[in-house]
Amino acid sequence: MKKVLTRNIALKIISFLIAVLCWVMIMNISDPYIISTIDDIEVQTINTETMEQHNKRYDVESGDIISIKVRGKRSIIDGLKNTDFIAVADFNEMSMVNAVPIHVSPKESYKYNADEIEILEQTQMMTLTLEELDTQTFRVNVRQTGEAKEGYYVTELIANPNIIEISGSKKKIAKIKDVVVEINVDQASSSYQVMSNLIVYDENGYIIDTEKLDFETKEVTVDITVLPTKTIPIQVSPIGTPAYGYKCTDVVWEPKNITIAGEQKDLDKIYWLKQQIDISGKKETFPEKRNIETILEDAYPGVYTLVDESNTFDITVKIDRLESKDLSVRMSDIQVKNLDSDYEVIFKTLGNINVRVMGVSESLSEVSALTIRPYIDLLNYGLGTHSVTVQYKANDQLTIQPVTISVEVVERE
């Protein structure tokens, strides 16, 4: 038996080696080694807190997503995905040029052994930009979207807190233009409260990625006040007297009505908004603009809110120069009123009296002694001679200079 085993030993060894070589060749042909590229591997960062300890804030310039080349058997390599690898950048290993080496390793799997995969590129780097850490205070602005239900108005949107601190790199903090919370009030008909997240905008109105920013709070409470509305008229009246020889012929204003919001009990108490405009000494037509919000606040502090987009209204006061016309009035045209039935009157002023009537040309065109209807009122006048001012039942667009006549009251015979 021993002779059988030891006979031709060299030939047997050669045969074994040939068999192994054939097996390797067969395996390489059926499952060869290949090289492949794996893309889009996300790099994890660790020990980033070391940046804040040195009052620094970082931004990744490159190396947060990498590609690698791997070598291994086709049966293993062909099935690999980017999620089959772990890529880690340890900030404790950062170099003087702000570069962090990236270490990549395959994840363990029941499909293969990690040592069956050879990573050919291991010297990739994550490059950083370091800046001084900055903290700034910003006001929280509430931005309304949508409209309240018809007949209601959103009078207040108050954020709590309305001031917050944001920390980050100086470069990123400098980009912040507006910190906003957006609230949709569509079809609201009563006051309510809501929580909402903050949105940060740059000066061009683009949303800033807040991943590298630290907020005192990212969520704020917003109190929304919704009140009923009411439309009321504006009334404007002139006060004072224009310069002699001039007359206020019209006062016009726009808008004629305004819409306000308030508690229902307060809305029930207001019917109009009255305004006066002083025309004393005026000689020409003049405009005036008034602020409705100021008027409301002065008259009803903290009670009503203006709903209209425009907060002003325009007043135009028309002042016209008066023309004059002289009329001759006979004593017989002067009516006597309120004379005691036991008395009669004797006109002591003889002849006609001259009456100067002033008004705009249209008003004067048809004026006569009869149309101004002159009269004297002798109520409470006793016997004797009296000076009495002639009065007129004339168009209120006319100005008539006063004239005094002498009359005697005597007993009726």
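The values are calculated or read from the model by the stated rules, or taken from the named source; none is laboratory data. All of these numbers come straight from a predicted model, not from anything done at the bench. No Cβ is skipped: glycine too gets one built from the backbone with ideal geometry, and neighbour counts run over all protein chains shown.
Residue-by-condition table, conditions (1) within 30 Å of residue 182 (Cα to Cα); (2) among the acidic types (Asp, Glu); (3) touching a strand residue (DSSP E or B) at 6+ places or on another chain (Cβ under 9 Å); (4) not in a strand (DSSP E or B):
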{"site": "83", "(1), (2), (3), (4)": "no, no, yes, yes"}
{"site": "97", "(1), (2), (3), (4)": "no, no, yes, yes"}
{"site": "126", "(1), (2), (3), (4)": "no, no, yes, no"}
{"site": "130", "(1), (2), (3), (4)": "no, no, yes, no"}
{"site": "135", "(1), (2), (3), (4)": "yes, no, yes, no"}
{"site": "140", "(1), (2), (3), (4)": "yes, no, yes, no"}
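If the condition is being in contact with a Leu (Cβ under 8 Å, 6 or more places away or on another chain) and either in a strand (DSSP E or B) or under 20 Å from residue 246 (Cα atoms) (or both), then the stretch 331-355 contributes 336, 337, 343, 345, 354, 355. Scanning the stretch 311-330 for residues that are buried (at least 16 other Cβ atoms within 10 Å of the Cβ) and not in a strand (DSSP E or B) returns a single hit, 322.
Taking the criterion of being more than 25 Å from residue 160 (Cβ to Cβ) and of a type in the set (S, T, N, Q), the residues of the stretch 200-259 that qualify are 204, 229, 231, 235, 237, 241, 249, 257, 259.
Does at least one position in the stretch 239-262 carry a residue that is hydrophobic (A, V, I, L, M, F, W, C) and more than 30 Å from residue 317 (Cβ to Cβ)? Checked the stretch 239-262: at least one residue is hydrophobic (A, V, I, L, M, F, W, C) and more than 30 Å from residue 317 (Cβ to Cβ).
Close contacts from the stretch 261-273, counting a first residue that is in contact (Cβ under 8 Å) with a residue 40 or more places away in the chain and a second that is β-branched (Val, Ile, Thr) and surrounded by 16 or more Cβ atoms within 10 Å (Cβ to Cβ), with Cβ to Cβ under 6 Å and a gap of 6+ residues or different chains, come to 261/155; 261/229; 261/305; 261/307; 273/234.
For first residues located in the stretch 381-404 and closer than 16 Å to residue 370 by Cα and part of a strand (DSSP E or B), partners that are modelled with pLDDT of 90 or more and among the charged types (D, E, K, R) and lie 6+ apart or on another chain with Cβ distances below 7 Å form the pairs 391/377; 392/373. Of everything listed in (1) modelled with pLDDT of 95 or more; (2) in the same structural domain as residue 402 (by TED's automatic domain parsing), the single unmet condition for residue 341 is (1).
The residues in the stretch 147-204 that are more than 18 Å from residue 218 (Cβ to Cβ) and of a type in the set (Val, Ile, Thr) can be counted, and the count is 4.
When you look at residue 392, is it at pLDDT 90 or above and closer than 30 Å to residue 236 by Cβ, yes or no?
Working: at pLDDT 90 or above: yes; closer than 30 Å to residue 236 by Cβ: yes.
In short, yes.
Conditions tested, residue by residue: (1) within 58 Å of the chain's Cα centre (by Cα); (2) among the charged types (D, E, K, R).
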position	(1), (2)
311	yes, no
337	no, yes
364	yes, no
375	no, no
407	no, no
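Of the residues making up the stretch 184-205, those that are closer than 13 Å to residue 172 by Cα and either loosely packed, with under 12 Cβ neighbours inside 10 Å or charged (D, E, K, R) (or both) are 202, 203. Inspection of the stretch 272-279 identifies at least one residue that is out of contact with any His (no Cβ under 7 Å at 6 or more places or on another chain), exposed (fewer than 13 other Cβ atoms within 10 Å of the Cβ) and among the aromatic types (Phe, Trp, Tyr). The single condition from (1) modelled with pLDDT of 95 or more; (2) under 30 Å from residue 362 (Cα atoms) that residue 332 fails is (1).
Here's the yes/no breakdown for (1) over 30 Å from residue 155 (Cβ atoms); (2) modelled with pLDDT of 90 or more; (3) outside any strand (DSSP E or B); (4) in the same structural domain as residue 240 (by TED's automatic domain parsing):
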| site | (1), (2), (3), (4) |
| --- | --- |
| 290 | no, yes, no, yes |
| 302 | no, yes, yes, yes |
| 308 | no, yes, yes, yes |
| 369 | yes, no, yes, no |
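One residue alone among 318, 282 is closer than 17 Å to residue 239 by Cβ, of a type outside the set (Val, Ile, Thr) and touching a residue at least 60 places away in the same chain (Cβ under 8 Å), and that residue is 318.
Condition check ((1) surrounded by 13 or more Cβ atoms within 10 Å (Cβ to Cβ); (2) modelled with pLDDT of 90 or more; (3) among the basic types (Lys, Arg)) across all residues:
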site: 36; (1), (2), (3): yes, yes, no
site: 47; (1), (2), (3): yes, yes, no
site: 65; (1), (2), (3): yes, yes, no
site: 69; (1), (2), (3): no, yes, yes
site: 72; (1), (2), (3): yes, yes, no
site: 76; (1), (2), (3): yes, yes, no
site: 79; (1), (2), (3): no, no, no
site: 84; (1), (2), (3): yes, yes, no
site: 88; (1), (2), (3): yes, yes, no
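Checking each residue in the stretch 246-273 for being not charged (D, E, K, R) and not in a strand (DSSP E or B) picks out 255, 262, 264, 267, 270, 271, 272.
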